[in-house]
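Asks: What follows is a structure written as structure tokens; I'll ask about it next.
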Amino acid sequence: RITIIIFLFLGIGATFLTDAFSQREESKGRDGHNKARANQQRGGERRGADTEAIRKGIAERLRSGADMESIRKGIEERVKKGIIKREEAGKMLEGLRKRAEGARRGQGNEKKGRKDDSLEHHMNELRQNIRRSQENGDQRKAEELMHKLRELEEHHEKANHDGERHEREEHDGEEHDEERQLHEWARGMENHMKQLHRRIDEMSNVIESMKREIERLHRDRDQANRRQDDNRRQHDNRRQHDSRQHENRQHENRQQHENRQQHENRQHENRQQQGNRRQA
């Protein structure tokens, strides 16, 4: 019975350990296939080489103008198959995100630069027309052109201010996204640690239950052994008592027999003496 209970608790403990190990393997992005211990180091080197090859392939596809969404889906598919670890995939996706933001920012700057060049060219033309009108003595036309020039300058200054504000907001948004991602990662790690601590507490409770059960079984066994010893001693005492009583009865019987024999002998001697006296 003790052996059955011990194996039962060991089976429960093995179940908890297997569950915790499977969660850890899943968090690392590994597949469920068992691999020999001797191939682990070579497997790690091979995965590192595969990851580097995947990085080079992604760079080639980006240079050839491939869609970033298709590249992202390809990375996620490799993570599901266990070819890439989640940490490496996160770094690759972060690189793609920064590359996309850089390209988008570069396109915006290029577009803004073309717009600024066109506006500056138009403002230079207005300045030349103003000088030409002033030289020709057409003051009214010069004032109209100066009014247009002031409007363009105000518009240009407002556009620059809005662009700087947009860049600040975009930069703040990127920092906020990074902080949010870091917070989510920290929260995920905290939840994972809580699960591990909960598993450890469950295992500790199981071990304590096993200890209490084993101690109870040991107490029961000791009590049973003591009862057997007591019964054995009682049986020995009864047998010794019966043996002594039997010996005492035999001794008393022998003494009674000897006493009767002595009495008969004395009676026989007395009869002989009486017979001898009669004859005399």
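Asks: Counting only Cα, what are the radius of gyration and maximum Cα-Cα distance Dmax of the range 207-280, in Å?
Replies: In Å, with Rg to one decimal and Dmax whole: 31.9, 108.
Asks: In addition: Near Arg233, within a Cβ-to-Cβ distance under 13 Å, what is the net charge of the other residues, with Lys and Arg +1 and Asp and Glu -1?
Replies: Residues close to Arg233 contribute a combined charge of +2.
Every number here is computed from the coordinates shown, using simple stated rules; none is lab data. Quick caveat, the model's predicted, so the values are computed rather than measured. Every residue, glycine as well, gets a Cβ built from its backbone with ideal geometry; the counts of neighbours run over all protein chains shown.
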